[in-house]
1. Residue 4 - would you say it is modelled with pLDDT of 85 or more and surrounded by 12 or more Cβ atoms within 10 Å (Cβ to Cβ)?
2. Could you check how many residues of segment 48-57 are assigned to a helix (DSSP H, G or I) and either surrounded by 15 or more Cβ atoms within 10 Å (Cβ to Cβ) or outside the structural domain of residue 81 (by TED's automatic domain parsing) (or both)?
3. Being under 22 Å from residue 58 (Cβ atoms) and touching a helix residue (DSSP H, G or I) at 6+ places or on another chain (Cβ under 9 Å) is the filter here, so list the residues in segment 4-33 that pass it.
4. What's the total number of residues in segment 12-40 that are part of a helix (DSSP H, G or I) and surrounded by 13 or more Cβ atoms within 10 Å (Cβ to Cβ)?
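The values are calculated or read from the model by the stated rules, or taken from the named source; none is laboratory data. Just so we're clear, the structure is a prediction, and the values are computed from it rather than from any experiment. Don't worry about glycine lacking a Cβ; one is built from the backbone with ideal geometry, like all the others, and counts go over all protein chains shown.
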């Protein structure tokens with residue numbers, strides 16, 4: 001599961017400084033989604049047979065520095081090698097429930 005949460009600020013207030021953001025803060029909005037199912041449904045079975053696709057959590061972009069070892073398996077969110085091509089979401093033999 002990957003969760004994304006973003007702050008919501010009043011549109012009529014400045015948000016340039018920390019103090020201004022605190023004063024303009026209304027709340028937050030968030031969403032969560034299942035990485036495996038989302039990526040699996042986006043990739044064609046032919047692609048899954050020909051390539052391996054890995055998705056990593058790298059942290060906030062402003063702190064990311066590309067360097068050897070920056071991406072490690074402890075930050076792995078998705079690896080297509082773990083997918084069974086016959087287990088596509090929405091298929092009767094897949095892991096996504098279908099309605100009858």
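1. Answer is no for this residue.
2. Step one: of segment 48-57, the residues assigned to a helix (DSSP H, G or I) are 48-50.
After this cut, where a residue has to be either surrounded by 15 or more Cβ atoms within 10 Å (Cβ to Cβ) or outside the structural domain of residue 81 (by TED's automatic domain parsing) (or both) as well, the list is 48.
The total comes to 1.
3. Initially, segment 4-33 is screened for residues under 22 Å from residue 58 (Cβ atoms), giving 4-7, 28, 30-33.
The one that is under 22 Å from residue 58 (Cβ atoms) and touching a helix residue (DSSP H, G or I) at 6+ places or on another chain (Cβ under 9 Å): 7.
4. Of the residues in segment 12-40, the ones part of a helix (DSSP H, G or I) are 18-24, 35-40.
So of that shortlist, the ones also surrounded by 13 or more Cβ atoms within 10 Å (Cβ to Cβ) come out as 20-21, 23-24, 35-40.
Total meeting the criteria: 10.
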